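Have a look at the structure below before the remarks.
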Amino acid sequence: MNFVRFRLKDKILYGVLEDGTVQPIQGSIYADYSLLPVKYSLNDIKLLAPCEPSKILCVGLNYRDHAEEMNLQIPKWPVIFMKPSTSVIGPEEEIVYPNSFVKRLDYEAELAVVIKEKT
């Protein structure tokens, strides 16, 4: 099941993406919810970032291979840093960065998984 956050006109909603359509939910994706009896085509909505974090805490250089490929010394302790909440973007959104960062822009795949016992 793929939960999505999306904009429909002036409303921001959560829904379930399946077969190219999004069916809005009523309730919370983290608790009890029900599917509403309507589906929207992806052409009729704008997919948004999956969440709106208040802060993003990161652990850097915690993978030896990544540190070595960047020619960085392996730290004794993990490097902790923060990113602005605006760094989370949705599908098809542009990555905005200052021109001075062009030579330093890096990328990584990030994965978040939410597992909840079905009640």
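The values are calculated or read from the model by the stated rules, or taken from the named source; none is laboratory data. In this text, all values refer to a predicted model and were calculated from it rather than measured experimentally. Here the Cβ positions follow ideal geometry from the backbone for every residue, glycine too, while neighbour counts run over all protein chains shown.
Checking the structure you have, find out if any residue of region 38-49 is closer than 22 Å to Leu13 by Cα, at pLDDT 85 or above, surrounded by fewer than 12 Cβ atoms within 10 Å (Cβ to Cβ) and hydroxyl-bearing (Ser, Thr, Tyr). Working first, answer last.
The first filter runs over region 38-49 and keeps only residues closer than 22 Å to Leu13 by Cα, leaving 38-49.
So of that shortlist, the ones also at pLDDT 85 or above come out as 38-49.
Those still in the list that are surrounded by fewer than 12 Cβ atoms within 10 Å (Cβ to Cβ) too: 38, 41, 43.
Retained after the next criterion (residues that are hydroxyl-bearing (Ser, Thr, Tyr)): 41.
Yes, there is a match, as at least one residue in region 38-49 is closer than 22 Å to Leu13 by Cα, at pLDDT 85 or above, surrounded by fewer than 12 Cβ atoms within 10 Å (Cβ to Cβ) and hydroxyl-bearing (Ser, Thr, Tyr).
Please specify each residue of region 75-94 satisfying the condition of being closer than 30 Å to Ile45 by Cα and assigned to a loop (DSSP other than H, G, I, E, B). Give the derivation first.
Here is the first cut: in region 75-94, the residues closer than 30 Å to Ile45 by Cα are 83-94.
Correct list: Pro84, Val88, Ile89, Gly90, Pro91, Glu92, Glu93, Glu94.
Would you check if Glu108 is surrounded by 10 or more Cβ atoms within 10 Å (Cβ to Cβ), of a type in the set (Asp, Glu) and either part of a loop (DSSP other than H, G, I, E, B) or at pLDDT below 85 (or both)?
On the way: surrounded by 10 or more Cβ atoms within 10 Å (Cβ to Cβ): no; of a type in the set (Asp, Glu): yes; either part of a loop (DSSP other than H, G, I, E, B) or at pLDDT below 85 (or both): yes.
So Glu108 does not fit the description; no.
Quick one: would you say Lys55 is within 30 Å of Lys103 (Cβ to Cβ), touching a Ser or Thr at 6+ places or on another chain (Cβ under 9 Å) and at pLDDT below 95? So that I can check it myself, show each step before the final result.
Details: within 30 Å of Lys103 (Cβ to Cβ): yes; touching a Ser or Thr at 6+ places or on another chain (Cβ under 9 Å): yes; at pLDDT below 95: yes.
Yes.
Collect the residues in region 24-68 that are part of a helix (DSSP H, G or I) and either under 25 Å from Asn2 (Cβ atoms) or in contact with a Leu (Cβ under 9 Å, 6 or more places away or on another chain) (or both), keeping them in residue-number order.
Hits for region 24-68 are Leu42, Asn43, Asp44, His66, Ala67.
Checking the structure you have, find out if any residue of region 90-97 is under 23 Å from Leu13 (Cβ atoms) and in contact with a strand residue (DSSP E or B) (Cβ under 7 Å, 6 or more places away or on another chain).
Scanning region 90-97, I find at least one residue that is under 23 Å from Leu13 (Cβ atoms) and in contact with a strand residue (DSSP E or B) (Cβ under 7 Å, 6 or more places away or on another chain), so the answer is yes.
Considering region 66-93 alone, what residues qualify as being among the aliphatic types (A, V, I, L, M) and surrounded by 11 or more Cβ atoms within 10 Å (Cβ to Cβ)?
Hits for region 66-93 are Ala67, Leu72, Val79, Val88, Ile89.
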